[in-house]
1. Which ranges mark the helices (runs of 4 or more DSSP H) fully within the stretch 260-363 that have 3 or more residues being over 23 Å from Ile190 (Cα atoms)?
2. Taking Gln343 and the conditions (1) in contact with a Lys or Arg (Cβ under 9 Å, 6 or more places away or on another chain); (2) open to solvent by 20 Å² or more (accessible area, probe 1.4 Å), which numbered condition does it fall short on, given that it satisfies the others?
3. If you take the residues of the stretch 147-188 that are closer than 30 Å to Asp341 by Cβ, among the acidic types (Asp, Glu) and outside any helix (DSSP H, G or I), which of them is most open to solvent (accessible area, probe 1.4 Å)?
4. Got at least one residue in the stretch 292-307 being out of contact with any strand residue (DSSP E or B) (no Cβ under 6 Å at 6 or more places or on another chain) and open to solvent by less than 20 Å² (accessible area, probe 1.4 Å)?
5. Residue by residue through the stretch 262-277, note down the ones that are crowded, with 18+ Cβ neighbours inside 10 Å and either without any contact (Cβ under 8 Å) to a residue 12 or more places away in the chain or charged (D, E, K, R) (or both).
6. For the stretch 311-321, indicate whether the set of residues that are at pLDDT 95 or above and open to solvent by 30 Å² or more (accessible area, probe 1.4 Å) is non-empty.
7. Of the residues Pro70, Pro104, which is surrounded by fewer than 17 Cβ atoms within 10 Å (Cβ to Cβ) and under 19 Å from the mean Cα position of the chain (by Cα)?
8. Give me a count of the residues in the stretch 41-72 that are of a type in the set (D, E, K, R) and over 17 Å from Pro142 (Cβ atoms).
Amino acid sequence: MTGSQPGALWGDYAIGRDTDMNDMLRAAARCVDESLHLVIGDGFDQRTLHIVRRCLKLGIDFRVTAMALPSGVGHGASSSLARANREALAELSDKHGFAMHLAPEPTEADSLTVGARQARALIADGILKVGEAVVLDVSALPTRRFFPLIGAIEKQVREHDDGEFLVTVAENPELDQMIRSEGTTEPGAIAGFRNKLGIDAADANTIWAPVLGESSSAELRAIYDYFGPDEVYPILPFPARDPRRADGLILEHRELLFDVFETDKRNLLYVQEANPFDCYRVLTGLYLRSSDLLAPLGEVRVITSVHASKMLSIGACLASIEQPIAVVTASGSHHLPEAPDDQWVRDTTDMTAIWLQGSPYRA
């Protein structure tokens, strides 16, 4: 499926689900001489190995790089699920013979810079090479990890005009809602996405566009208190798989949105839950309009934060690559209190491939 909006990095885009996704993976593998390079997370999410199993089923030759996450991340079912994923990946590697590399956790790196350091190390060490076909699966990666990875890989492929870059995600909003954030950290921008945050707040008009999600009130309040935005533009998923999800989010956060943030109801923005490019277009449009309208009043800085599904997070990431939009976070560690049934996860998860750079964008 393709869409069109002239004058942007992804005005024309390529996204595929089900058989279209299979065709995209096969096409990417044919574009290069080497095997497909799958980059995945080494975490507790039950969707971690979906892309590996999909490529095995398709008969695609590939190698795997697993991004290390902190040992003991999460509790409840999380630690046992992480071990199970690691063991399953090793078994699949032994059985099918694909190469596997574990990208280590950088030392002395805080949570806001660790993703950028991992990305730089992969490129510096030649793990991510120019000219290969990279498939980054963000299903088991937290925002602070996959935003810098998307930024680094996309930039390498675009600047060298060589290679292919796809992002895949096993999307399951219901499972996302089961994953709990434990505590909040001091708000800060993800390394590589700090656009314009160095400007003195007194000299800037600050626009904040949080992508709303369930059980995120503490994070939202922390970010609001830290930045003191002049205007808030909440982003809500609609249409969504649950047609009442946007209404439910407004009800959950109504006190924050309207009593604390004093959000004008006309500022509510709606994006398609299943299409990251819709969120991308809405955010880039907000930045361009705000910059134009508020320019006579001084510098404008637009900030986004993501508290929702991976699909909408990808859209926010792309907008922040194209425009100087800062991405902030205040989330603590995440965990899954109880593991849902594996069969339910498989039956309710939709896989999507998003081709971000490479052959579809070359003349």
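1. 276-294, 342-348
2. Every listed condition holds for Gln343 apart from (1).
3. Applying the filter and picking the extreme gives Glu182.
4. There is no residue in the stretch 292-307 that is out of contact with any strand residue (DSSP E or B) (no Cβ under 6 Å at 6 or more places or on another chain) and open to solvent by less than 20 Å² (accessible area, probe 1.4 Å).
5. Passing the criteria: only Glu273.
6. Yes, because at least one residue in the stretch 311-321 is at pLDDT 95 or above and open to solvent by 30 Å² or more (accessible area, probe 1.4 Å).
7. Details: Pro104 fails: under 19 Å from the mean Cα position of the chain (by Cα).
Only one candidate qualifies: Pro70.
8. Summing the residues that are of a type in the set (D, E, K, R) and over 17 Å from Pro142 (Cβ atoms) in the stretch 41-72 gives 5.
The values are calculated or read from the model by the stated rules, or taken from the named source; none is laboratory data. This one's a predicted model, so the numbers in the text were calculated from it and none came from an experiment. All Cβ positions, even for glycine, are placed from backbone atoms using ideal geometry, and neighbour counts span all protein chains on display. Ligands, DNA and RNA are stripped out before the accessible areas are found, and what is left, the full protein with its side chains, is counted by its heavy atoms. Shrake-Rupley method; radii C 1.70, N 1.55, O 1.52, S 1.80 Å.
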